[in-house]
Structures are given as C-alpha cells and as structure tokens.
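Contents: one structure, followed by commentary.
Bear in mind that the values in this text are calculations on the coordinates, not laboratory data. If you're wondering where the values come from, they're calculated on a predicted model, not measured in any experiment. With ideal geometry, Cβ positions are generated from the backbone for all residues, glycine too; neighbour counts draw on all protein chains shown.
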Amino acid sequence: MSKLISTFQSQEHQFWQYLLQHIQISLISLFIAILIAVPLALLLRRFPKIAELVLQITGIFQTIPSLALLGLLIPFIGIGSLPAIVALVIYALFPIVQTTYTGLQQIDPSLSEAAIAFGMNRRERLMKFELAIAMPFIMAGIRTAAIMIIGTATLAALIGAGGLGNFIMQGINSNDVNLILIGAISSAVLAIIFSYVLHLLEKAKIRTILISFFIGLAILGGSYYRPADNHPQITIGGKLGSEPAILINMYKDLIEKDSDIQVNLKPNFGDTTFCYNALKSNKIDIYPEYSGTILETFVKDPTHSNDPKTVYNEAKNGIKKLNDFAYLAPTKFQDTYALAAKTSFAKEYHLKTISDLSNASNITAGFDLEFANRSDGYLGLEKLYGLHFNVKTMQTSLIYNALNSNAVNLAEVYSTDSQIKQYHLTVLKDNKELFPPYQAAPLMSEKLLKKYPELKSILNKLSGKITDKEMIEMNYDVNVKQESPATVAHHFLEKHHLI
C-alpha cells in the first residue's frame, strides 16, 4: 500500500490531467449517445417492425471488439479524442435505445386513451406522463451506458486521446503494478460515482433531469476553457515507454529555456504508427524517432550499412522526400534491437554472440509482432544467421516478464532498456551486424521549422550527447526507481550544462 501511495504522489500532477481527460471523453460520449438514442427510441415506438431491426443492429455493434473498432475508425477519422468518442457512442447506443424503447412499450394503452379523451396532443402526453413512467427504464440504460463508457474509455490512451488508460499503458510497459492499479481503481471509482449520481436522478422530475443535463453540458464546456495566451505553443508527443518520455522532457526544457515557445507534452502517445500519423495530421508538432525505424517502417528502404552516420543521412533524406519532414541531428546512443537471455541460460549454452544460438536446442523466443515480421528482425535472423525458433508473439512490455518467468528463454529487447540492468541479462553480440543503428532525433515538418527556425539550434544541443550507458541509467531511474521522466531529463541537462 505504501508503494502504491508513493507512486500516486509521484504521478499526482499527471493524475489530475488524465482524470479530467477521462471525464471529458466520457461525458461527451454519454451526452451524444443520449441525444441520439432517446429520440431514436421515441421514433421507433411508432414502427415496431423497424424497431426490432434497429435493436439488432445496435446490439451487433457491441459485439465488435473495442480495439478492432478503434482500428477501423483510424483511417477515416484519424487519432485522438474524436475516434475514441465515436467508438464510445456506438457502444452506448444499444443499452439506452433498448431500455427507453422497453420503458415506453410498458405504458398501459388505457392511459394514452384517457389522455386523448382529455384532449391532450402527442407532445403533451409525452411530457406529462409517458416519459415520467418510462424514466426508471431510461435512467437504467443511461447508467449502464455510463459504466460501459468509463471502462472502455481506458483504451482511448492507445490512440492518443489521453485519460486514465495512460496509467495502465505505462504500468504494462514498465511492468509497474502500482501504475496499473492507479488507472484501474480510478476508473472503477469514477464509474461508481457516475452510477450513483444517475441513480439519484432516477426518481427526479423530468424538469430536474433536464436542468441537470444542461448543467452538466455547461460544466463540460467550461472544462475546455483556457485563458488566452499570446505565447506561441507547440505540442511534442512521445511513444510509449520511459525513453521517449525522457527525451520529450529534454526537448521541452531546452525549448522553453532558449525561446518564448511554450511546449505541451503528450507522453505515452502511442506506438510508432500513431505518432507518425499524428505528426502528419498536425495532432502533434514534434516527436523523437529513430533512424532505423524511419528507413524500415516509413521510407521502406532497408539500409545496407551499419554506419550510424550513413544510416542517419539516408533516413534524413528519405523522410524529407517522402513527407517533407525535417529530421534534426541525432543523439549518440543506439537504441537498436538486440537479443537477450537470462545469464544462467547463456552460461549453460556458452552464448556470447547471436551465431552461438545455433548450438542451443529447443529455443523458445519472445518477440513482438512487429519484430517477428521485420527484415531486420526475425526474418533477418532466419536469412542471415540461419536460425529458427519456436516464436511466441506478445506485446513488447510483456516480453521481459515472459523471459524472467522462463516462459521463453530468448527475447527481443532494445539495447538501452532498463530491464537489462534490472534482471542482469546477457545481451548477445550481433556479430553479423543484422540490426541497423537506431539513433534518436527530433522529427518535425519543414513547415514548423520555417515558422520557428530557432528550434534547430536549440534541439541540436543534444546532438552527439547521451551515451548508451547514460540512457540505460535514466530508463532505470524512471522504471525501477520511479523517478519522473521530467526530473530525470532535467538532471541530465543540468549535469551537462545544457540548461
């Protein structure tokens, strides 16, 4: 418990930011779902045959896995809050439509006949007693939708929409149970609060419910208000993990020290594809990318060189030609792919290089899906080294757990991972030089650089800085010692007299 409390205290500033994002996404989705579902149910009451079809369709929407739905929406809507809200609205429609329609169908026809006899028109009947009778059903559906929305909204972190899911993703990525608990418990508590508030409204009058609805909309709108600021602002995003978080905090400190530009950070914004698409769609302005990744993933022109300078120049020229992006000077460290094993396993089979793996039998390897299908990954190991393993594909953050628990005995790692030090692993030498250099450098549009030309000289202060050992230590400080990326980045810049 003390560890959980200390972790919360170290993340308190981000907690309130992520909580607000989660509430905003959830409320917007819930309000939109109500505005669509309730009128739709009122309309369907007049067309029972069509109602069955609509209920079946909205029910089918709920069978679509959340991740699949988000993936389907990205090509059409992009990334960020919008696709997350669209997905959440789709999931919330069914319970609200179903319960509202059911509640309206439960009204005794004789009541409607009596109301007609008293001269009430359709609108008067609806407002004076039909909605009041159906309200317990309607609120039950809204409560169900609200709980579903808040729980599913944790996945919004996967597409850069923020929210409490960021803690869960950080925890999985750094193998930190406390971060996972902070995200999960907070989401559960938020769902309970929403459910209780809606429960209180179940027996309220329609006027009270409508007033509460509009008050909620006003509060939601107010949460987006920001005072006018005349300073120029840019947004810097980072991939999942401690290393990108450290780098973007360095960028922020350097930029804000040497210019009047204010920097907004979006750490743990997503994987390579999300960050790249966010940069192309101007959701973010800068993010740190690796030279080998640019060539392999975006330019799709695998390098034939293992010289860091050559690879960097190929990446710089290739990405400029492809998207008119500027790729600034790189840092010194090489966060390249590597293969690692527990030291006991390496000693048993006398493993020092990747070629030595041919002497070991029945090797089970843990690779992520990307590495398993890359020419500079497992495909390259098969072609260049002639190696064949029993491969288990899994999320990158789970690979070290699998290796530590002996579920696999060989793992794909990154050469600056803190877990190498934490678990005392043996990293095998890439003696045939399969893995290209992966140097990190700021990636941005040429348009942004023309607007703020000072960014080049500011960010190039990191050129040739940060050794492999320093990066491993900084990752270790964040992942194991639980120091914040901002603190670790600031200490490094101060130590090297960059700020």
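Once you've got the Cα coordinates, tell me which of LYS266/LYS456; LYS280/LYS342; LYS252/LYS320 are over 29 Å apart.
Listed pairs above 29 Å: LYS280/LYS342.
Once you keep just the Cα pairs under 8 angstrom separated by 6 or more residues, what percentage relative contact order results for the chain?
It comes to 15 percent, rounded to a whole number.
Which shape class, rounded, prolate or oblate, goes with region 348-401 when its Cα gyration tensor gives a ≥ b ≥ c as root eigenvalues, a/c under 1.5 marks rounded, and past that a/b bigger than b/c marks prolate?
oblate
At 222 nm, what helix-only mean residue ellipticity would the chain give, in deg cm²/dmol to the nearest 500, using -39500 (n - 2.57) for each DSSP H run of four or more?
Computed mean residue ellipticity for the chain: -18000 deg cm²/dmol.
Give the peptides 391-403, 355-367 in descending order of average Cβ contacts within 10 Å, highest first.
The densest-packed peptide leads the list: 391-403, 355-367.
Counting Lys +1, Arg +1, Asp -1, Glu -1, what net charge surrounds ASP258 among other residues with beta carbon under 10 Å of its beta carbon?
-2
So, by mean Cβ neighbours within 10 angstrom, what's the order for 372-384, 151-163 with the highest one leading?
151-163, 372-384
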